[in-house]
Amino acid sequence: MDRRNFFQGTAIAAVTGAVAGCAAPTGMQGSVRTPFAVSGTFIPVVGSDEMYPVRRIYCIGRNYEAHSREMGSDPTREPPFFFQKPTDAIQNVAVGSMPDHPYPPLTKNYHYEAELVACLGKGGRNIPIATALDHVWGYTLGLDMTRRDLQRAMGEEKKPWEIGKSFDRSAPIGPVHRVAQIGHFTQGAIWLKVNGQTKQSANLNQMIWSVAEQISKLSDAFEMFPGDIIYSGTPENVGPVVRGDVVEMHIDGLPNLSIKIV
Ligand code: MN
């Protein structure tokens, strides 16, 4: 199913009230004729044969104070801001595996950013902070991989970040753990190692804007839907990788995620 038909599918689902189907192109397939197939994006769900369908990938910028400072901002004055990655930037990383992650073209300064990812199961507009976490269906951990040199160059020219942030396979991600089984993540260690050496190490409770606040803020700007996932920001000490590096990240309560840069 192509993107145009995907959105048609969304409209049909809204009209029929089948809200749970909004983010899932499957089920709509077959009702629309297309000249070729375009695959949807899905993330495995732990302990289930169901897949989590990804509708949009939102990412918050500069959400840990020390990282904000290292990026040259003043975290005490900055309201939250968001960008998106394309859905097909997802690279699924199975628990216990270490898939190859191709070093992308154009960059000479390729950075890791370890992040908690919230996966929504319920949408809405103007969602209050107090009830925002009710919209989270599951959590996982992921890497917001970044062509830092391109991101910086575009930023300096006041141009969009896309080429630095929103490229192929820029979102390695672990399987989704259901909130019903694993609860919410408001604190706990988050760390990242390169070749066994600790690079990032912080606590989720150091986020400037909590996951609940992020959902609330996003829903003021966009109508949120099931299948929307949110990369909740990275702590300080982001840095480069080169071919051959092994990247491992951890969040307390989730299995570690590993990739090899090739
Ligand atoms: Mn990030």
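Listed values, structure above:
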item: Leading residue by the ranking (modelled with the lowest pLDDT) among those in the stretch 38-87 that are over 20 Å from residue 221 (Cβ atoms) and among the acidic types (Asp, Glu); result: 74
item: Search result, residues across the stretch 210-250 that are touching a residue at least 60 places away in the same chain (Cβ under 8 Å), more than 15 Å from the ligand (Cβ to nearest atom) and touching a Lys or Arg at 6+ places or on another chain (Cβ under 7 Å); result: 219, 223, 225, 226, 227, 228, 246
item: Among the residues listed as 125, 147, 152, the single one being modelled with pLDDT of 95 or more, among the basic types (Lys, Arg) and crowded, with 24+ Cβ neighbours inside 10 Å; result: 147
item: Residue in the stretch 183-190 that is surrounded by fewer than 20 Cβ atoms within 10 Å (Cβ to Cβ), of a type in the set (Gly, Ala, Ser) and either in contact with a Phe, Trp or Tyr (Cβ under 6 Å, 6 or more places away or on another chain) or in a loop (DSSP other than H, G, I, E, B) (or both) present; result: yes
item: Residue selected from the stretch 94-120 under the condition within 16 Å of the ligand (Cβ to nearest atom) and hydroxyl-bearing (Ser, Thr, Tyr), by the criterion farthest from residue 183 (Cα to Cα); result: 107
item: Qualifying residue in the stretch 121-137 (condition: touching a Lys or Arg at 6+ places or on another chain (Cβ under 7 Å), on the phi < 0 side of the Ramachandran plot, more than 16 Å from the ligand (Cβ to nearest atom) and in contact (Cβ under 8 Å) with a residue 24 or more places away in the chain); result: yes
item: Residue within the stretch 72-88 that is farther than 21 Å from residue 211 by Cβ and either touching a residue at least 24 places away in the same chain (Cβ under 8 Å) or within 14 Å of the ligand (Cβ to nearest atom) (or both) present; result: yes
item: Among (1) touching a Lys or Arg at 6+ places or on another chain (Cβ under 9 Å); (2) among the aliphatic types (A, V, I, L, M); (3) in a strand (DSSP E or B), the one test that residue 43 misses; result: (1)
item: Qualifying residue in the stretch 197-209 (condition: buried (at least 21 other Cβ atoms within 10 Å of the Cβ) and more than 16 Å from the ligand (Cβ to nearest atom)); result: no
item: Residue 180 vs. criteria assigned by TED's automatic domain parsing to the domain that holds residue 87 and loosely packed, with under 15 Cβ neighbours inside 10 Å; result: yes
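The values are calculated or read from the model by the stated rules, or taken from the named source; none is laboratory data. Bear in mind that the values here come from a model prediction, so they are computed numbers and not experimental data. We place every Cβ from the backbone using ideal geometry, glycine too, and count neighbours over all the protein chains shown.
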